[in-house]
Every structure is written in structure tokens, then in C-alpha cells.
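Bear in mind these aren't lab numbers, they're just calculated from the coordinates by the rules spelled out. Please read all numbers here as calculations on a predicted model, not as lab measurements. Cβ placement follows ideal geometry from the backbone for every residue including glycine, while neighbour counts extend to all protein chains displayed.
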Amino acid sequence: MIHEAMVLDHSGPPLAAVLYGASLKLWVLGALVVKLCLPLRGAWWIDWPAFLAGMALLACAVGVLESIMARLRMRRVSQALIAAVVSGTFGFLLLLLA
């Protein structure tokens, strides 16, 4: 998600470039996540629809998550951030010890 102040500072073609960059970043990172979760190696006519379905599912998940996070109280947001840091640290430790 792009920073709100960055969007408010631009209009016209620069705003279009900012929004295009944000959507391109979301598409590339989403494609990376989908390809890691669905490592398909079949025929292209099977892989592409599965990839596009995965991207659609990821887009719906991001939309639901953002609408839920917007309604949370600030206390709940800090708890979610703490949980993310703890799980990231745990994953890093697993990576180091494996």
C-alpha cells in the first residue's frame, strides 16, 4: 500500500504514475507469493489459469485484510504488529538453525 501523503501531494499524470507504480509493486510481490505457494510445472494452459486464480484470491485476501485493519482500534493494531515481529523473528531463527 502506498503512503497517503504521497498520493495527496500529486495530481494528474504524476498521480497516475504513483498509482501505477503501487499497482505494479503489488502485482510483482503477489506473483512472487503465488508462485511460491503454487509451484506448478504442468502445461501452460493449466498453469496460467491457476496462477490468475491465485492472484485473484490474493487480491481478495488483501482487500478483506485492509478493510478489517482499517476498523481496528489502535490497541489491536499494535498487537498485530507485535505478533508479526515475533513470527518473523521465529522464522529467522528457524532459518539460522536449519
Computed over the Cα atoms, what is the radius of gyration of the chain divided by 2.2 N^0.38 Å, N being its residue count? 1.40
Toy charge model, Lys and Arg Cβ at +1, Asp and Glu Cβ at -1: the chain dipole around Cα centroid in debye, rounded to 20, equals 300
